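Below is one structure, written out as structure tokens; comments come after it.
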Amino acid sequence: MPQIERYFMNRVVWCVGQPREIQWTQSVLLSVLIMAWSLFLGFPSVGWTAESGTGFAEIEAQLESMQQSIESMRLRVDGLEHHNQDGAMKGAEDQFSKERYEELSERLDAQEGLSQELDEKVGSRAIVHAFEAMQLDFGGFLHSAFTHIHGDQGSASSFDRLTFEILLKAQFSRRFSAFFAQAFIRESNSRFTDTYQRTSPGFGFSGAGGVKTPLVIAWANYRHRDELNIQVGRYITPFGIINIEHFPAILLDTEQPQFLRPFSGDTIFPNFITGAQAHGKFFFNDDTLQYNVYTGVFTGSTPEQFYSGVRTAYTVGAIGTTFGLNVGTGKRSLTTTAPDTTIVAKNATFYMYGVDVLIDKGPILWKTELFMTDEDKGAGGNRLGFYTQPAYRVSDRWIVFYRYDFLDDGKLQIVPPGGGPRRHTPGASTEHVLGLNFLPVPNVRLRATATWKEFASGRLGAPNADAQIFQLSGTFSF
């Protein structure tokens, strides 16, 4: 191919590789130069041979000059285009760059914050993964307490409770889930060693050397929708307020009201049930209606002693108040170890009724519960438990509370023929509790409580008596 054709072909190829605006500019320039060449110099014949040395050399020199001119013009055009683009787009580019920089800075800050949060929560620990479940949540708490008791005939002190509990929740699917709470406990129960268990305080290990490892909760739940859930396994008896709350991490006082003692007991109703329940919630704007219908057996009773009940609670969101009603029935036994004219029923039926009110509005947190039973003859007298516990949130860290607590356990107790302490205190008792909670961080709760306990004169000549109980405790959750 002759040089001039090769040159123009190279120019065309170069133009094709450029942006559209540059292609158009270069095409116009090439067309103008070609026309100028034709008009002023004439078009050389492409059929010249190598013998035409003088004419070919002249054309080659002119071609070189034209190539330099085109290159110079291309550079000027590029400069003008860049200048125009810079002038027209400089402000827009500056604004875009600024916005982009701010956006990237915010995203970087967010990523740094997330990284720091994950590091604080996880650190060098391995993250828990589920084999089959959609989600696996793991947590727990450590609870410890020191108690001093001053009675009419002496005093006693002890680090009486250490509980470590592991909590695990598995979400199998959108509808199926399970929850487990496994506890490891070392504790000694407070007790009075005199005949009527009210004047001589002391402590005694419960379980094998005070060590117990109960499976506190283990249930599986099917959620059809918010209004209908089916739950099977071991669950908290859905009665009242504090028994449902249950976990020390959220309780103002881990020494629960008297009608819930002993823990895992059956004073008014069993604290825990192994069985099945249906439960759900209905939402009405800011209000909520909850219900529980349950049946099962108490692990401390014989297998055929069923407990069944219904609870319903309505929450008025505007005033932060929940009203609850509780009705249930079951069977229990009363065991005596000395001659008594009462015929003891091994599977006596009882009925239980209860109401509760929870006010949680602003700094006010006020809980009140009343339960009573109607016991068959031979299962002991009717029982009554009542408390009211107003609390005030001084700040996010400080809470003060007071509790008035009354219990008549209704049990017909007699002195064992060989002597020794009774299993339960005859008659009624009242407690006045003044407490303070301090939360240095949300998952640490430190408590100090002072309790004035009054024993009323009871059956079989049990005298009046008083005791003062002081306790320091802490719950550390994770």
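Remark: Glu245, Glu431 ranked as Glu245, Glu431, counting other beta-carbon atoms within 10 Å and listing the fewest first.
Fewest to most neighbouring Cβ within 10 Å: what's the order for Ile236, Ile166?
Working: Ile236 17, Ile166 14.
Lowest count first: Ile166, Ile236.
Each of Thr288 and Asp152 was given a label point 7 Å from its Cα along the Cα-to-Cβ line. The distance between the two points is 4.7 nm. Quick one: go through region 443-457 and flag any residue whose amide nitrogen is under 14 Å from the point 7 Å out along the Cα-to-Cβ line of Leu472. From region 443-457, the list is 446-450. Around the amide H of Gln197, modelled in the peptide plane, lie the amide H atoms of Arg422, all under 5 Å away and 5 or more residues distant in sequence or on another chain.
What is the packing order of peptides 269-278, 218-227, taking the mean over residues of other C-beta atoms within 10 Å and listing the highest first?
Working: 269-278: 21.5, 218-227: 14.4.
Highest to lowest by the protection proxy: 269-278, 218-227.
Values in this text are rule-based calculations from the coordinates and carry no lab data. The structure displayed is predicted, hence computed values, not measured ones. Cβ atoms come from the backbone with ideal geometry, glycine included; neighbour counts cover every protein chain shown.
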